[in-house]
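A short write-up of the structure that comes next.
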Amino acid sequence: MGEPPLPLGLSVLHALADAVASMADYKVCPRLDAPATPERVLMTVERLRKQNG
C-alpha cells in the first residue's frame, strides 16, 4: 500500500467528510477539496446548511 503516512492523511480527509456529512444526517456525501483547509471545510458546512434549510 505504500508508506504509512499516505493512508493516515487520507483518513483525516475522510473523517472530516464524515463530520460534515453528519450535519445532514448522512444523507449527502459532501465534496471536500484537498487540501481541506479550515476555510474550505467551513464553506462546505455553510453550503450544506443552505441546502437543508
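The values are calculated or read from the model by the stated rules, or taken from the named source; none is laboratory data. What you see is a predicted model, and the numbers here were worked out from it, not measured in a lab. Cβ sites come from the backbone with ideal geometry, for glycine too, and all protein chains shown count toward neighbours.
You will find that of L42, L48, L32, the residue that is in a helix (DSSP H, G or I) and either surrounded by 13 or more Cβ atoms within 10 Å (Cβ to Cβ) or in contact with a His (Cβ under 7 Å, 6 or more places away or on another chain) (or both) is L48 and no other.
Is at least one residue of the stretch 11-19 in contact with a Lys or Arg (Cβ under 9 Å, 6 or more places away or on another chain) and not in a loop (DSSP other than H, G, I, E, B)? Scanning the stretch 11-19 turns up at least one residue that is in contact with a Lys or Arg (Cβ under 9 Å, 6 or more places away or on another chain) and not in a loop (DSSP other than H, G, I, E, B).
Restricting the first member to the stretch 21-42 and to residues that are at positive phi, and the second to residues that are loosely packed, with under 11 Cβ neighbours inside 10 Å and assigned to a loop (DSSP other than H, G, I, E, B), no beta-carbon pair is closer than 9 Å while six or more apart or on different chains. Just the residues that are at pLDDT below 90 and not polar (S, T, N, Q), please, taken from the stretch 37-53. Passing the criteria: only G53.
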